[in-house]
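Have a look at the structure below before the remarks.
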Amino acid sequence: MIGGFDRYFQIVKCFRDEDLRADRQPEFTQIDIEMSFVEEDDILSAMENLTQHVFKSVKGIELPTPFPRLTYDESLNRFGSDKPDTRFGMELIDMKSITDASEFNAFKSAEMVKGIAVMGGAKYSRKNIETFTEFVKNYKAKGLAWMKVETETLTGGISKFFSEGLQKELIKSAELKDGDILFLIGDSAKVTLSALGALRTEIGKQETLADESEFKPVWITEFPMFEKEGNRYSALHHPFTAPQEEDIEKLDSDPASASSRAYDLTINGYEIAGGSIRNHQPKVQEKIFELLGMDESEAKDRFGFLVEALKYGTPPHGGIAFGFDRLVMLLAGTANIRDVIAFPKTTSAASLMDEAPSSVSKEQLDELHIQSKPSKK
């Protein structure tokens, strides 16, 4: 776009050094689209048309018009995930005000308390509940509280800490019925949402709550600009995403609260495409590099060419990239991306067909002026 192209698309091989999962490979194919002088609605509308055409042509499925949209905060608070599977309910319920009024003191210091109501979940045995408890500990939750509903009364778990009035309030708030179970987590907002969101997804799979023949696309918008760990900021999407116009001043006053102009397309719990309106203002780009911990010298060495190019009047622009393999995986009805890639890598990123990566000879290293030294333990 800096070079004067109005728009382009490319189908390109990408390589990423990331942990491997069932829906992720280190080498994948991307459909990348970029356009000048566009706003979010232009890109989202065009990509909805493209996605609808693909699903209609390949599967004979009519997707909704327009696709639903959720902000990042809405998605996390309702589903505990920024790529929610909306084919079934079981949304997260805010329980903080009720648990604070109870005698269950473990949650009173928690930043957030949320719950999910599982229909028919009273059938779960102690062993089932212990398995779920160990599951949420993988997401740094300290434990999993629960209560079952029998004859319109809460029993078991932490129910003894709730008065009759509070029990009725819980039953009403969570729309509980006899035979249901309520799971609760109280912790930091980040831990509560991620752990309970993961549990929601896990129970949804175990109980086959989602219709496998159904496809529910959702746009997730207004991602935060940054994640903060201690005193350090990192870009949640990437450092070239533009902030919301009204949040530009927050880059100086409160960077952690600034929202970006990023958006993801998710379908059935998978991120299918991601993109943003890019930053075209050099001063804003320099400020973002500064917040990411780059001093002026490092920013100039790594990205000086970009900041200089922006100063020549780069047009406002934005784009999006589809993960082609993951989209094919979804269309093919499989949950493993290795099923739709010709020569997939193993969990250790090895290619079994050509036995790569292989050892490198000293002559090859010398040719590339690379030295190999033993690692320091």
(request) At least 3 residues that are crowded, with 17+ Cβ neighbours inside 10 Å and at pLDDT 95 or above in each: list the strands (runs of 3 or more DSSP E) lying fully within region 162-250 that qualify. (result) 181-187, 217-221
(message) For region 109-128, give me each residue that is in contact with a Lys or Arg (Cβ under 9 Å, 6 or more places away or on another chain) and in a helix (DSSP H, G or I).
(response) GLY121, ALA122
(request) Identify all residues within region 272-331 that are of a type in the set (Ser, Thr, Tyr) and free of Cβ contacts under 8 Å to residues at least 40 places away in the same chain; write none if there are none. (result) SER297
(message) Could you check region 88-107 and list, in sequence order, the residues that are on the phi < 0 side of the Ramachandran plot, crowded, with 17+ Cβ neighbours inside 10 Å and in a loop (DSSP other than H, G, I, E, B)?
(response) PHE88, LEU92, MET95, SER102, PHE104
(request) For GLU74, work out the one condition from (1) free of Cβ contacts under 8 Å to residues at least 60 places away in the same chain; (2) assigned by TED's automatic domain parsing to the domain that holds SER163; (3) not aliphatic (A, V, I, L, M) it doesn't fulfil. (result) (2)
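Take residues that are in contact with a Gly (Cβ under 7 Å, 6 or more places away or on another chain) and tell me which of the strands (runs of 3 or more DSSP E) falling wholly in region 1-78 contain 3 or more.
Details: elements: 7-15, 27-36, 69-71.
Output list reads 27-36.
Please work out if GLY143 is modelled with pLDDT of 95 or more and either of a type in the set (Lys, Arg) or surrounded by fewer than 20 Cβ atoms within 10 Å (Cβ to Cβ) (or both). Let's see the steps before the verdict.
Details: modelled with pLDDT of 95 or more: yes; either of a type in the set (Lys, Arg) or surrounded by fewer than 20 Cβ atoms within 10 Å (Cβ to Cβ) (or both): yes.
Judged against the criteria, GLY143 is a match.
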(message) Within region 183-199, does at least one residue satisfy the condition of being among the basic types (Lys, Arg) and either touching a residue at least 40 places away in the same chain (Cβ under 8 Å) or touching a Pro at 6+ places or on another chain (Cβ under 9 Å) (or both)?
(response) no
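Can you name every residue in region 200-226 that is among the charged types (D, E, K, R) and free of Cβ contacts under 8 Å to residues at least 12 places away in the same chain? Even if it seems obvious, please write down each step before you answer.
Going through region 200-226, the residues among the charged types (D, E, K, R) turn out to be 200, 202, 205, 207, 211-212, 214, 216, 222.
LYS205 - this is the single residue of region 200-226 that is among the charged types (D, E, K, R) and free of Cβ contacts under 8 Å to residues at least 12 places away in the same chain.
Would you check if LEU154 is modelled with pLDDT of 95 or more and in a strand (DSSP E or B)? Before the answer, list the steps.
On the way: modelled with pLDDT of 95 or more: yes; in a strand (DSSP E or B): yes.
It is true that LEU154 is modelled with pLDDT of 95 or more and in a strand (DSSP E or B).
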(message) I want to confirm something. Restricting to region 110-121 and keeping residues that are surrounded by 19 or more Cβ atoms within 10 Å (Cβ to Cβ) and over 17 Å from ASN77 (Cα atoms), which single residue is farthest from the chain's Cα centre (by Cα)?
(response) GLY121
(request) Among the numbered conditions (1) surrounded by fewer than 16 Cβ atoms within 10 Å (Cβ to Cβ); (2) on the phi > 0 side of the Ramachandran plot, tell me where PHE15 comes up short. (result) (2)
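The values are calculated or read from the model by the stated rules, or taken from the named source; none is laboratory data. Since the structure is predicted, the reported quantities are computational estimates derived from the model, not experimental observations. Cβ sites come from the backbone with ideal geometry, for glycine too, and all protein chains shown count toward neighbours.
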